[in-house]
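Single-structure report; data block below.
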Amino acid sequence: QVQLVESRGGLVQPGGSLRLSCAASRILWRINTMGWYRQAPGKQRELVATITRGGTTDYADSVKGRFTISRDNAKNTVYVQMDSLKPEDTAVYYCNAKAQNSPTGSEREYWGQGTQVTVSS
């Protein structure tokens, strides 16, 4: 099944930037939408941003104007550039992919293992 491997997160000062990447492997046919979600302690997992295979993007209101999602279809990799980071962006960030194993197969959802991003001075 599809494997998603995220880059390392880290500790960033408020106002700083960080770029996460997520590479997908073991794809039998193709990946459709890819995205990033996050989960802060004591909170539910929430959408950060998604991007379709054609490049259409969607962002949570809380990150619009600060985060930019992109993808490289040839590398099956999705990125999120996070700028002007705030303490409230602190969370475990998860990569998500919706993939098909064949042209007529149903779409399945896959998750990365998660990477910690901490925004603090």
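Tabulated data for the structure shown
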{"read-out": "Some residue of the stretch 9-26 being surrounded by 15 or more Cβ atoms within 10 Å (Cβ to Cβ), touching an Asp or Glu at 6+ places or on another chain (Cβ under 9 Å) and free of Cβ contacts under 8 Å to residues at least 60 places away in the same chain", "value": "yes"}
{"read-out": "Residue among Ile31, Ile51, Ile69 that is among the aliphatic types (A, V, I, L, M) and modelled with pLDDT under 95", "value": "Ile31"}
{"read-out": "Test: residue in the stretch 40-60 that is farther than 29 Å from Ser121 by Cα, outside any strand (DSSP E or B), open to solvent by less than 70 Å² (accessible area, probe 1.4 Å) and touching an Asp or Glu at 6+ places or on another chain (Cβ under 9 Å)", "value": "yes"}
{"read-out": "Output for the stretch 67-121, where each listed residue is of a type in the set (A, V, I, L, M) and assigned to a strand (DSSP E or B)", "value": "Ile69, Val78, Val80, Met82, Ala91, Val92, Ala97, Ala99, Val117, Val119"}
{"read-out": "Test: residue in the stretch 96-116 that is at positive phi, surrounded by fewer than 20 Cβ atoms within 10 Å (Cβ to Cβ), at pLDDT 95 or above and under 12 Å from the mean Cα position of the chain (by Cα)", "value": "yes"}
{"read-out": "Flag for Ile69 being farther than 19 Å from Thr115 by Cα, surrounded by 20 or more Cβ atoms within 10 Å (Cβ to Cβ), free of Cβ contacts under 8 Å to residues at least 40 places away in the same chain and not charged (D, E, K, R)", "value": "no"}
{"read-out": "Test: residue in the stretch 25-35 that is under 20 Å from Leu85 (Cα atoms), in contact with a strand residue (DSSP E or B) (Cβ under 8 Å, 6 or more places away or on another chain) and not aliphatic (A, V, I, L, M)", "value": "yes"}
{"read-out": "Output for the stretch 9-39, where each listed residue is more than 12 Å from the chain's Cα centre (by Cα) and not in a strand (DSSP E or B)", "value": "Gln13, Pro14, Gly15, Gly16, Ser17, Arg26, Ile27, Leu28, Trp29"}
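The values are calculated or read from the model by the stated rules, or taken from the named source; none is laboratory data. Note that this is a predicted model, so its numbers are computed, not measured. In this analysis, Cβ positions are derived from the backbone assuming ideal geometry, glycine residues included, and neighbour counts consider all displayed protein chains. Accessible surface is based on the protein model in full, side chains and every heavy atom, while ligands, DNA and RNA are left aside. Shrake-Rupley method; radii C 1.70, N 1.55, O 1.52, S 1.80 Å.
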